[in-house]
Amino acid sequence: MNREKRWIKAVQKHGNKHSANQLIEAYYKEIFAYVYKQMYDKETAKDVTQEIFISMLKSLYRYDGRSSFRTWLYMVAKSRVIDHYRSKQFKEATQGVSAEEEQIEDKSDFTERLATRAEAERALKLLESCAPEEERIVRMKLLGERTFPDISAETGLTLSTIKTKYYRTLKFVKKALKEEYWNE
């Protein structure tokens, strides 16, 4: 049994603080980097990272080892990041956003609604019907969690072209899903 598993068991069974600290220390930098990449604000990323580890410790008893601990921890992190963006505090802080930024946020909300497996499968099928370049951009952004600048560097396309193709493709998939829904 490796150290990580011993730490997890010690926290689950005995609430061992030393083991909890070891788990946090082992993953803090990695999780902070993930959160910072989502937030681009150091102080907010620190706060959310702290919330992630609090959530991790509170729900560690539910970790059953079917997936790696790292995978499970990233699921907790992703959930807390989404919670942050849905929070009243975040919404109040971004009240004065421009119409263009608001549109982008709506499309981000659309991607979150693809949570059910059936919708995701239908969306992926629709995505396959798009031009290969557009499909690749959307897959890199949503499934690969890549940033627009990363995608631009890898594809050789300009940042504005990447964004245009990404949002146009999302709009197409969203519209097609709505039409399917209403025709069912």
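Bear in mind these aren't lab numbers, they're just calculated from the coordinates by the rules spelled out. From a predicted model like this one, the values you see are computed outputs, not experimental measurements. Here the Cβ positions follow ideal geometry from the backbone for every residue, glycine too, while neighbour counts run over all protein chains shown.
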Cα gyration tensor, the stretch 3-92 - rounded (a/c under 1.5), prolate or oblate: prolate
Amide H contacts under 5 Å for Arg146, placed H, 5+ residues apart: Lys141
Amide hydrogen neighbours beyond the local backbone of Tyr63, cut-off 5 Å, H modeled: none
Under 10 Å, Cβ to Cβ, from Glu145 - net charge with Lys/Arg +1 and Asp/Glu -1: +3
In order through the stretch 28-36: 3J(HN,Hα) via Karplus (6.51 cos²θ - 1.76 cosθ + 1.60), integer Hz, x for Gly, Pro: 4, 4, 5, 5, 4, 4, 4, 5, 4
Table column - 3J(HN,Hα) (Hz), the stretch 8-16, Karplus curve with 6.51, -1.76, 1.60, x for Gly and Pro: 4, 4, 5, 6, 4, 8, 10, x, 4
